[in-house]
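Working notes, beginning with the structure itself.
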Amino acid sequence: MKITYAGKAGAGPSYEVESDRHGNYTIRTGGKVVKRVSAITSYVGKPRWGSKKLEEDALEDAKAAIDAFKDSGV
């Protein structure tokens with residue numbers, strides 16, 4: 001799933017967030033990768049083909065990372 005996110009205030013640069021059904025996500029701005037996170041490859045109870053819930057959780061984690069980065073003033 002791909003979304004564009006500009007932070008909780010809606011100001012500043014926009015970021016492209018892409019996540020998959022396994023919990024991995026990538027944050028890009030201006031075509032450059034800012035952050036890439038890979039989920040744990042296997043654990044007890046992990047769905048073999050991934051799930052919509054893992055994808056949504058990855059998007060929420062990415063949004064939190066963007067907000068934390070913006071709040072840090074870097």
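The values are calculated or read from the model by the stated rules, or taken from the named source; none is laboratory data. Small disclaimer: the values here were computed from a predicted structure and weren't measured. For neighbour counting, all protein chains shown are included, and Cβ atoms are generated from backbone atoms with ideal geometry for every residue, glycine included. Calculation scope for accessible area: heavy atoms of the full protein, side chains included, ligands and nucleic acids excluded. Shrake-Rupley method; radii C 1.70, N 1.55, O 1.52, S 1.80 Å.
Across the chain, C-alpha contacts under 8 Å between residues 6 or more apart give a mean separation that, scaled by the residue count, equals a relative contact order of 30 percent. Give the longest segment of the chain that steers clear of chymotrypsin sites (Phe, Trp or Tyr not before Pro) in DSSP loops with at most 15 neighbouring Cβ atoms within 10 Å, not counting the sites themselves. Maximal segment without exposed cleavage sites: 1-42.
Largest GNM mean-square fluctuation among Gly23, Gly12, Gly50, using the chain with Cα springs under 10 Å: Gly12.
Against the set (1) 13.5, 43; (2) 17.6, 59; (3) 13.0, 40, the structure's computed Rg and Dmax of the Cα atoms in Å falls on (3). Close Lys pairs in the chain, defined as Cα atoms under 19 Å apart and 8 or more places apart or on different chains, number 14.
For the chain, excluding the exposed loop sites themselves (trypsin sites (Lys or Arg not before Pro), DSSP loop, at most 15 other Cβ atoms within 10 Å), the longest remaining stretch covers 9-47. Taken per residue, the accessible surface of the chain reaches 68 Å², heavy atoms only and a 1.4 Å probe. Counting Lys and Arg as +1 and Asp and Glu as -1 over every other residue whose Cβ lies under 13 Å from the Cβ of Tyr25, the net charge comes to -2. Positive-end ranking of Ala62, Tyr15, Val37 along the dipole of the chain, with charges on Cβ about the Cα centre, is headed by Val37. Between 0 and 90 degrees, the angle of helix 52-71 with respect to the longest Cα principal axis of the chain falls at about 30 degrees.
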